[in-house]
Amino acid sequence: MHLGPLQSVVIILATAAGIQLTRWLPFLLFPEKKEPPRVILYLGKVLPAAMMGLLVVYCLKDVSWTAAPHGAPELLAILAVVVLHRWKGNVLLSIAGGTALYMLLVQAVFA
Amino acid sequence: MESSEQQRISRLAAVKAAFPATVPVLTGYICLGMAFGILMQTSGYGVGWALLMSVICFAGSGQFVGITLLTAAFDPIQAFLISVMINARHIFYGLSVLEKYRGLGRERAFLIFGLTDETFSLVSSLKPPEGTNRHDFYFWITFLHYLYWLTGTVLGNLAGNIITFDTTGIDFVLTALFVVLFLEQWKKKENRAAGVSGILCAVASLAGFGPENLVIPAMVLLLIVLLGGRRRLCI
């Protein structure tokens, strides 16, 4: 341990406070009893799809596109997820298939 | 009597519906939770410390950054601000589920506490099945996720060195989850413009600000695009 126990507790509490603030903020700004403004209701409708797109990119943020294998394992595995999901429409199968292919690619093919 | 029996059946149905939906997260959280537990161990923090952090934070990237804050110079204000910035995307999750989480009573605080990327993704993409109470359905998704995360943390911290098979790449399970839920959102035509906006804003931000600072510029850009396109998306 680099910090003492008391300092460690303080850092952990500060980290937790920062994280939890981001989760509570919208609920504190727009309490249950009041109807939120229309623009917020609009954002609530469009944000889930938008954030799913953002999260996919976020997961790929550390892929290095300029160095070999140029993100090939990620792109191939995502392609597999899309094809499997279009074909069978089974959430678990699509995720398991894509992950298995990705593990195979990074461990054996592009290792 | 009968109503409490009905409640029991409805609750059971909610668990049965929630569990299969959480299986990808089970895999992802056990692996990521273990990685977190192992990193805490190698930074000199035993199982009590690792568990403390997972119990009160319940966040993936936030806790990994937390480890770097524990191994840097003591600066709680900076730790707080960095944590807010790393997790700023969660503000959008709350905005999206304001209506869904209305009137949930005493479970509401726990649902807000546990609104991770993965919990938000499932809650916003899946409909509670017929015959189940939506409170129970959301509660079980959140609670199971919490359980997986804590289990992974403890396992990793205590027994991280026991694993001998190669798990490289298994964390892709969460990427795959987001891709699948993106496709589920895509099924509704009115979601498509927003979905594409999310991808493009994140890519633009990644190109402009790099992987370390991707989130906040992407959120600002997304907000501008979504608000600017409000008439055109006409929802």
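Mind scanning B:Lys100/B:Lys189; A:Lys88/B:Lys187; A:Lys33/B:Lys188; A:Lys33/B:Lys127; A:Lys33/B:Lys100; A:Lys34/B:Lys188 and naming the pairs with a C-alpha gap bigger than 19 Å? Don't jump to the answer; show the numbers that get you there.
Numbers: B:Lys100/B:Lys189 21 Å; A:Lys88/B:Lys187 14 Å; A:Lys33/B:Lys188 30 Å; A:Lys33/B:Lys127 24 Å; A:Lys33/B:Lys100 14 Å; A:Lys34/B:Lys188 29 Å.
Violating the 19 Å limit, Cα to Cα: B:Lys100/B:Lys189; A:Lys33/B:Lys188; A:Lys33/B:Lys127; A:Lys34/B:Lys188.
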> What distance in nm separates the simple spin-label points at A:Ser64 and B:Arg8, each placed 7 Å from Cα in the Cβ direction?
Replying inline: 6.0 nm
> Once phi is turned into θ = phi - 60°, what whole-Hz ³J(HN,Hα) does the Karplus curve with 6.51, -1.76 and 1.60 give for every residue of the stretch B:12-23, x standing for Gly and Pro?
Replying inline: 4, 4, 5, 5, 4, 7, 6, 4, x, 5, 8, 4
> Taking the alpha-carbon centroid of each part, what is the distance from the stretch A:34-111 to the stretch B:67-145 in angstrom?
Replying inline: 20 Å
> Whole-Å semi-axes of chain B's equivalent ellipsoid, largest first, each the root of 5 times a Cα gyration tensor eigenvalue?
Replying inline: 29, 27, 17
> How much mean residue ellipticity at 222 nm does chain B get from its helices, if each DSSP H run of length 4 or more adds -39500 (n - 2.57) and you divide by all residues, to the nearest 500 deg cm²/dmol?
Replying inline: -24500 deg cm²/dmol
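Bear in mind that the values in this text are calculations on the coordinates, not laboratory data. These figures come from a predicted structure and were not determined experimentally. Every residue, glycine among them, receives a Cβ derived from its backbone with ideal geometry; neighbour counts consider all protein chains shown.
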